[in-house]
Amino acid sequence: MILLLSGCAKSAEEVGATSGDKSNLPVTVEALVEHAEYCESIYDNGGTEVNNLSYEVKTNGGITIIVIRGTDNTANVLSDIDIRMIKDDVLDIYLHKGFRDASTTIIQEVDKYYQLEHTVHVTGHSLGGAIAQIIGMWLHRRGYNVQIFSYGSPKVSSQVLSGGQPTHWRVVRRSDPITFSPTYPYLHTGIFVDSQTLDWGPDNDNGLISETDGLDHSILKYVTTLKEQL
């Protein structure tokens, strides 16, 4: 797999806009495809298993990439549905308990076995995207230069960080029902990117759940539609 990580993103301020389309997207399509393929690969080839979760850590060109697998077993489903909120003392916000517990398991493994570069990309699909968001916020608070790439991710909190969120490319298919969950008071953060059109901005998935299709949640659908934009 060819790595295209360096210089893959600009802030919205650098491109002079807070929303737009493919013509002024502040991240390369190649980077979005690449991270989506990492998410697909960990389903197909597996990673390091811990407590029914799977993750992979790799380093290239001075960047550490952490990949987290999405829902793949009953234990993962239990994490998904534990929507109680719990206070996270590190972030000083309330988080989805199931996602936070899973994130704690992964970050403890990463801290124990890996030395991270200053720039860290955290990516995942579905449950993996939720975990990627939380781990990304933790690493951001530690002073790392963080970018989060999530695909079909549910929401993880009802709040935002007081010191600012890390850069988060929240890639969504508008027909994916998982991105609508959990419901209020949970909310999305990050820059919304439509995988089918590459329209982007602060969209908060304001569509109709009745127009979604569970089959459109698959990571393969995300990879396919993003590649069509190359």
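The values are calculated or read from the model by the stated rules, or taken from the named source; none is laboratory data. Computed from a prediction, not measured in an experiment: that's the story for all the values here. Neighbour counts are summed over all protein chains in view; Cβ atoms, including those assigned to glycine, are modelled from backbone coordinates with ideal geometry.
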Inset, instruction - Six or more apart or on different chains, Cβ under 6 Å: which pairs go from a residue in region 46-66 that's in contact (Cβ under 8 Å) with a residue 60 or more places away in the chain to one that's of a type in the set (K, R)? Could you list them? - result: I65/K58
Legend entry - Members of region 102-116 that are among the hydrophobic types (A, V, I, L, M, F, W, C) and either surrounded by fewer than 16 Cβ atoms within 10 Å (Cβ to Cβ) or closer than 22 Å to N76 by Cβ (or both): A102, I106, I107, V110
Inset, instruction - Could you tell me which numbered condition D111 fails, if it satisfies all but one of (1) touching a residue at least 24 places away in the same chain (Cβ under 8 Å); (2) out of contact with any helix residue (DSSP H, G or I) (no Cβ under 8 Å at 6 or more places or on another chain)? - result: (1)
Inset, instruction - Starting from residues that are among the aliphatic types (A, V, I, L, M) and assigned to a strand (DSSP E or B), keep the ones in region 158-216 and report whichever is surrounded by the fewest Cβ atoms within 10 Å (Cβ to Cβ). - result: L187
Legend entry - E40 part of a helix (DSSP H, G or I) and either touching an Asp or Glu at 6+ places or on another chain (Cβ under 6 Å) or free of Cβ contacts under 8 Å to residues at least 40 places away in the same chain (or both): no
Legend entry - A31 in contact with a Cys (Cβ under 6 Å, 6 or more places away or on another chain), at pLDDT 95 or above, in a helix (DSSP H, G or I) and under 17 Å from Q147 (Cα atoms): yes
Inset, instruction - Tell me, please, whether a residue that is touching a residue at least 24 places away in the same chain (Cβ under 8 Å) and under 17 Å from I42 (Cβ atoms) can be found in region 82-100. - result: no
Inset, instruction - Go over the candidates T123, T119 one by one and state the one that is under 20 Å from D44 (Cβ atoms), at pLDDT 95 or above and hydroxyl-bearing (S, T, Y). - result: T123
Inset, instruction - Say whether the condition of being under 23 Å from D21 (Cβ atoms), basic (K, R) and touching a helix residue (DSSP H, G or I) at 6+ places or on another chain (Cβ under 9 Å) is met by at least one residue in region 149-171. - result: yes
